[in-house]
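Notes follow the structure.
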Amino acid sequence: MSEDQSTQEQQQLHEELTSYLDGELDAENVRRVEERLARDAPYRAELQRLQQTWDLLDRLPRSLVGESFTKSTIEMVAVAAAEEAQAVQSDLPRRRQRQRAFGMLGVVAAGLVGFALGHSLWPNPNEQLLEDLPVLQNFELYYQADNLEFLQLLDRESVFTEEDSDRAS
């Protein structure tokens with residue numbers, strides 16, 4: 001067992017016995033402490049040592065404080081409370097300014113997210129026009145054709161792709 005662990009256990013034991021002597025434990029913990037006292041001699045010895053310390057403290061003379069001590073203590077508490085209230089009051093404008101700034105940042109962020117979602121989800125009407133561009137460029141030729149089978153025959157013969165490449169150069 002390490003030294004830190006032993007110190008922690010001693011501290012817990014001391015706190016538990018102190019709470020027992022002060023009457024701060026609930027019924028279940030009182031029962032558990034009393035059972036351990038019945039079977040554990042070192043635990044009992046520690047309780048007796050603490051009880052003797054309590055008894056010695058009870059024998060010490062009690063000091064009486066005057067009304068001036070009470071009055072000065074209350075005045076000090078009142079001054080401290082007033083200073084704390086003043087500090088909170090002076091910090092209020094900065095806090096409001098920060099809240100407004102965060103609110104504006106939130107609105108801007110929400111707008112950007114909304115724009116990005118709208119841009120990614122909303123169909124672009126120009127995409128269809130770009131897909132149909134070759135048809136639109138050759139619309140006069142298609143219009144003069146008598147029927148769809150003739151246009152399909154021209155497409156199979158790659159007539160339009162050659163014209164497109166000639167126009168591009």
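Some observations on this one:
- ALA41 vs. criteria small (Gly, Ala, Ser), more than 40 Å from the chain's Cα centre (by Cα) and open to solvent by less than 70 Å² (accessible area, probe 1.4 Å): yes
- Just one of the numbered conditions (1) open to solvent by 60 Å² or more (accessible area, probe 1.4 Å); (2) under 45 Å from the mean Cα position of the chain (by Cα); (3) among the hydroxyl-bearing types (Ser, Thr, Tyr) is not true of SER72: (1).
- The requirement of being basic (Lys, Arg), at pLDDT below 90 and either open to solvent by 80 Å² or more (accessible area, probe 1.4 Å) or part of a helix (DSSP H, G or I) (or both) is not satisfied by ARG49.
- Per the listing ASP55, ASP146, ASP166, ASP91, the residue uniquely assigned to a helix (DSSP H, G or I) and at pLDDT below 80 is ASP166.
- Hits in the stretch 13-29 (condition: over 22 Å from LEU57 (Cβ atoms) and assigned to a helix (DSSP H, G or I)): ALA27, GLU28, ASN29
- Of the numbered criteria (1) more than 42 Å from the chain's Cα centre (by Cα); (2) modelled with pLDDT of 90 or more; (3) aromatic (Phe, Trp, Tyr), the one PHE102 fails is (1).
The values are calculated or read from the model by the stated rules, or taken from the named source; none is laboratory data. Source: prediction; values computed, not measured. Every residue, glycine among them, receives a Cβ derived from its backbone with ideal geometry; neighbour counts consider all protein chains shown. Ligands, DNA and RNA are stripped out before the accessible areas are found, and what is left, the full protein with its side chains, is counted by its heavy atoms. Shrake-Rupley method; radii C 1.70, N 1.55, O 1.52, S 1.80 Å.
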